[in-house]
1. When the range 233-261 is examined, which residues are found to be surrounded by 18 or more Cβ atoms within 10 Å (Cβ to Cβ) and assigned to a strand (DSSP E or B)?
2. On the given criteria, is Thr318 surrounded by 15 or more Cβ atoms within 10 Å (Cβ to Cβ), under 21 Å from Ala56 (Cα atoms) and at pLDDT 95 or above?
3. Go through the range 41-79 and give me each residue that's part of a loop (DSSP other than H, G, I, E, B) and under 24 Å from Met127 (Cβ atoms).
4. Within the range 332-366, which residues are among the small types (Gly, Ala, Ser) and within 21 Å of the chain's Cα centre (by Cα)?
5. Can you name the residue in the range 99-131 that is closer than 17 Å to Leu407 by Cα and either assigned to a loop (DSSP other than H, G, I, E, B) or among the hydroxyl-bearing types (Ser, Thr, Tyr) (or both) and is also modelled with the highest pLDDT among such residues?
6. Across the range 80-98, which residue is modelled with the highest pLDDT among those that are of a type in the set (Ser, Thr, Tyr) and assigned to a loop (DSSP other than H, G, I, E, B)?
7. Looking at the range 377-419, which of the residues that are surrounded by fewer than 17 Cβ atoms within 10 Å (Cβ to Cβ) and among the small types (Gly, Ala, Ser) is nearest to Ile137 (Cα to Cα)?
8. Among the residues of the range 356-376, is there at least one that is touching a helix residue (DSSP H, G or I) at 6+ places or on another chain (Cβ under 6 Å), assigned to a loop (DSSP other than H, G, I, E, B), crowded, with 24+ Cβ neighbours inside 10 Å and touching a residue at least 24 places away in the same chain (Cβ under 8 Å)?
Amino acid sequence: MKLTHKLLPLVAALAAANAHATDGYFAHGYGVKSQGMGGVGIALPQDAIAAAANPAGLGLVGNRVDFGVTWFRPQREAEIVGGNTFGADGKYDANDTENFIIPEFGYNRQINPDVTLGVSVYGNGGMNTDFKKAIPIFGSTPPRMDLAQLFIAPTATWKINQSNIVGVAVNLAYQRFEIKGLQNFTVVNHAQFGTPSQSPNHVTNKGYDSSYGAGVHIGWIGQINDTVTLGASYQSKTYMSKFDKYKGLFAEEGDFDIPESYGLGIAVKATPKLTIAADVQRIEYSEVDSVGNSLNNLFAGNQLGSNQGPGFAWKDVTAVKVGASYGWNESLTIRAGYNHSTQPIRKSETLFNILAPGVVQDHVTFGATYILPNKSELSFSYMHAFEEKVRGNGSIPTNFGGGEANLKMYEDSLGIAYGWQF
């Protein structure tokens, strides 16, 4: 059980990253219009939320304001089978809370023919896993975990010439985290955090803690000809302040940065009414120690919370997004798309993702925009992420009684947004 006390606090850290997973724990798309096209947006800005995908996009949307909200419903389940895992065998439903509301806001203004200033506000990612019954290996009450990430991105764009626009955004980020229901596990590395009276006793039920930080996002959009537009985007790691209440949980004494990402996009106006777009995005989860460090670090003598403390060995994710929009008539545009992301969770690491079974990979999307009589817009989107399973393979060490941890998840979301140009 001593090894259990060392390992299981890490489960909380893992859960902080992926229970609302789509492309890893990043959203599949930002802005209701983008969400209806598989999440594309690097080369096809459509509203004032466009800076989330590519800051240069605000240089093409003009003076406008956009408000939106997305209802998000992830369905999560974990299963422990075989072995003698402290009486924990069985299925565990993580959907005691299953409906979430994610807001978005964007404002953009054309300062002169070559310069725009704007701001995009959006949820970058997050999770809430709420189990309906206790998992004996963790504690005596149902586990609950909650992580939210909010980005506020002031953005400026410059038109270099008639064909090229560059943009820069400062990502101002806020995170909030809480975990409950891991009463069995305590922080044991007192030597690092001081005397036992100074170090946290349990890794759970400490209430919410907040984290703040910033990063840079740069982008380019180029009009190659009347038909083809290309785009490129790079978002630096967002360096966050530490979760002090959970310094015995996350590597580097509570550090939980947001990983860097980059991507390329293309948009093709196939006909006057039909536009086809595609993005490829890479998210460097493994470069954040709390996310990417291997469990083997623990067995090499690195305690939870130390600079080389164990993580859950997430792999980097590549997301491929394809979408189409069709102008049905002067008032109605319809959209559809597909999004596929690689699997970040290794089969050997499913134990640590029991509390966050975010394994979805394939998404289909639909959307539409209707132009109202006053020239404002009402947009809708729907996304379904197909059920995905990851079956453990060597996932529960013999110290825990052996057996395997299996994960399963699917998602649905429905978005609505109102925007107008001025």
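1. Ser233, Gln235, Thr238, Met240, Ile258, Ser261
2. Against the criterion (surrounded by 15 or more Cβ atoms within 10 Å (Cβ to Cβ), under 21 Å from Ala56 (Cα atoms) and at pLDDT 95 or above), Thr318 does not qualify.
3. Matches in the range 41-79: Gly41, Ile49, Ala53.
4. Matches in the range 332-366: Gly337, Ser341, Ala356, Gly358.
5. Phe131
6. Thr97
7. The selected residue is Gly402.
8. yes
The values are calculated or read from the model by the stated rules, or taken from the named source; none is laboratory data. Every value quoted in this text rests on a predicted model; they were computed, and no experiment measured them. Every residue, glycine among them, receives a Cβ derived from its backbone with ideal geometry; neighbour counts consider all protein chains shown.
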